[in-house]
Amino acid sequence: MGTTVFERRRPADAVIDASLRDTALSVFWLEDVPRPVHPPLSGTIAADLAIVGGGYTGLWTAIRAKEREPDRRVVLLEASRIAWAASGRNGGFCEASLTHGHENGLTRWPDEIDRLEELGIENLDGIAQTVSRYSMDVDFERTGQLAVAVEPHQVEWLREEEGFLDRDAVQAEVHSDTFLAGAWEKDSCAMLHPAKLGMELARVAVDLGVEIYENSLVRSIEDGDAGAVTLVTRDGGRVRADAVALGTNVFPSLLKRNRLMTVPVYDYVLMTEPLSSDQLASIGWSNRQGLADSANQFHYYRLTADNRILFGGYDAVYHFGGKVRPEYEDRAESHRRLASHFFTTFPQLEGLRFTHRWAGAIDSSSRFCAFFGTARKGRVAYASGFTGLGVGAARFAADVMLDQLSGEKTERTELAMVREKPIPFPPEPVASIGVNLVRAAMDRADHNQGRRNLFLKTLDAVGMGFDS
Ligand SMILES: Cc1cc2nc3c(=O)[nH]c(=O)nc-3n(C[C@H](O)[C@H](O)[C@H](O)COP(=O)(O)OP(=O)(O)OC[C@H]3O[C@@H](n4cnc5c(N)ncnc54)[C@H](O)[C@@H]3O)c2cc1C
């Protein structure tokens, strides 16, 4: 087996140790923003639309519902706090793609991919317009995304991409000796502050008249009278609603049929202290694009408004049983690996310290992008499983759910991508054996000039390949 650049140019242990000495286990984004408190639900209320989940999917559904019909009574129930989960702790790459990248969409929906990509750009434009219409303070920067090649075989992959940059051109953007080439897609990705987006979506929703309840875990959906449905919370609160939208993502679905449709795969993140102007000058990066390297196991990295660097990805850890648990967020091995890979990428930043470390559950579905559907005679709609690319796509998912609940056929409801369901994950122990086999196979492929072994090729052939 070959080596990757991260093994060939491994920094000294002392450099890694020093960088992680005072790193807090805490989500930088959630510390960096005020978090208004919303009351828990008590008693029984009625609503035209009840939304479960206070991440981007639920919040966009609330806003889009009020924009469509301002007089509707819309309530949103969140088990914990607004945007505490993936929506408050992600990388903040707001991509146009609705299909987790072109390749995945092209393979699954070849006849639809062109339209899906147009809809994705319309969706991203819609996000930009919403940010400006409601003066949302979310550090929105449409700087695009720069994919970089850090191994020779990756250069060939990028050569086929839009916006190819050779070694000199990529170095002119960002200085890292590991970068051999790049591809800069300028228009299809914006960078933003994830937790600010969550808080601002909630602020706009409330301004439009949405009622938000936090610490209100919904336990069940019951049939109500006159065809309505009733949501029942852990503490006995009840919402009688004509329609329900579920934006519960990787958490256990309130619908039994969806229990095996998503699994949490943990993704790890580091945040540096702010760079000095000299440190920043040593890496360039004046166009502030989102960066990602191109292996199967890849890193994503970006600048914050105060010029810190967020560096995440690579390890993707599935824990037996498929639960979301706070104790999975602290994994020294993964955070050390990220620190090591960071200083391989930017050795000129030796001495820089990481202030924050955290992790989050990636909302993985077997088709790598969200799936949609309805239950209870069309009164309940759901969308989940963005597989790590939901910052932008959550708004599209909100529109799909509202279309479905309206009972009308729309272009969105008729898409094959919306109508088809993914293959469920197998139950344990097969799930963890399978996910770990895929991970090991991806790691081997990255050490073998990207070549995929028979196992990955077989998964590709049945439409379950981990390709991005
Ligand atoms: C570390 C990390 C980095 C990522 N980076 C990116 C990125 O750069 N770009 C990108 O596009 N995507 C990224 N993602 C993925 C992205 O964050 C998610 O796809 C997106 O936030 C999904 O939003 P959501 O609202 O569907 O889910 P969530 O944010 O998970 O929200 C679901 C909410 O539902 C609530 N809930 C669940 N069940 C119940 C219930 N029964 N009752 C009440 N409430 C309930 C939960 O408490 C939670 O708040 C990343 C994810 C992680 C973890």
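Scanning the stretch 129-158 for residues that are among the small types (G, A, S) and surrounded by 14 or more Cβ atoms within 10 Å (Cβ to Cβ), we see that the one that is farthest from the chain's Cα centre (by Cα) is A149. Within the stretch 205-220, can you find the residues that are surrounded by fewer than 22 Cβ atoms within 10 Å (Cβ to Cβ) and hydrophobic (A, V, I, L, M, F, W, C)? Selection gives V206, L208, L217.
When we screen G54, G43 for residues that are touching a strand residue (DSSP E or B) at 6+ places or on another chain (Cβ under 8 Å) and either of a type in the set (D, E) or near the ligand (Cβ under 6 Å from one of its atoms) (or both), the only hit is G54. Within the stretch 332-348, the set of residues being small (G, A, S) and either surrounded by 18 or more Cβ atoms within 10 Å (Cβ to Cβ) or touching a Phe, Trp or Tyr at 6+ places or on another chain (Cβ under 7 Å) (or both) comprises S334, A339, S340.
A quick yes/no check of all residues on (1) aliphatic (A, V, I, L, M); (2) out of contact with any Ser or Thr (no Cβ under 7 Å at 6 or more places or on another chain):
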{"site": "A243", "(1), (2)": "yes, yes"}
{"site": "T248", "(1), (2)": "no, no"}
{"site": "L255", "(1), (2)": "yes, yes"}
{"site": "L270", "(1), (2)": "yes, yes"}
{"site": "Q279", "(1), (2)": "no, yes"}
{"site": "T304", "(1), (2)": "no, yes"}
{"site": "I309", "(1), (2)": "yes, no"}
{"site": "Y318", "(1), (2)": "no, no"}
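Selection over the stretch 143-157 of residues that are out of contact with any Leu (no Cβ under 8 Å at 6 or more places or on another chain) and on the phi < 0 side of the Ramachandran plot gives a count of 4.
Given the residues G182, G209, which is the only one that is assigned to a strand (DSSP E or B) and either away from the ligand (no atom under 13 Å from the Cβ) or not hydroxyl-bearing (S, T, Y) (or both)?
Going through G182, G209 in turn, just one is assigned to a strand (DSSP E or B) and either away from the ligand (no atom under 13 Å from the Cβ) or not hydroxyl-bearing (S, T, Y) (or both): G182.
If a residue counts only when it is more than 28 Å from G290 (Cα to Cα), at pLDDT 95 or above and among the β-branched types (V, I, T), which helices (runs of 4 or more DSSP H) contained entirely in the stretch 370-468 have at least 1 such residues? Output list reads 416-419. Those strands (runs of 3 or more DSSP E) of the stretch 237-353 in which at least 3 residues are over 30 Å from E214 (Cα atoms) and either within 12 Å of the ligand (Cβ to nearest atom) or in contact (Cβ under 8 Å) with a residue 24 or more places away in the chain (or both), considering only elements entirely within it, cover 290-293, 299-303, 309-317.
The values are calculated or read from the model by the stated rules, or taken from the named source; none is laboratory data. Small disclaimer: the values here were computed from a predicted structure and weren't measured. Note that we place each Cβ from the backbone using ideal geometry, even for glycine, and neighbour counts take in every protein chain shown.
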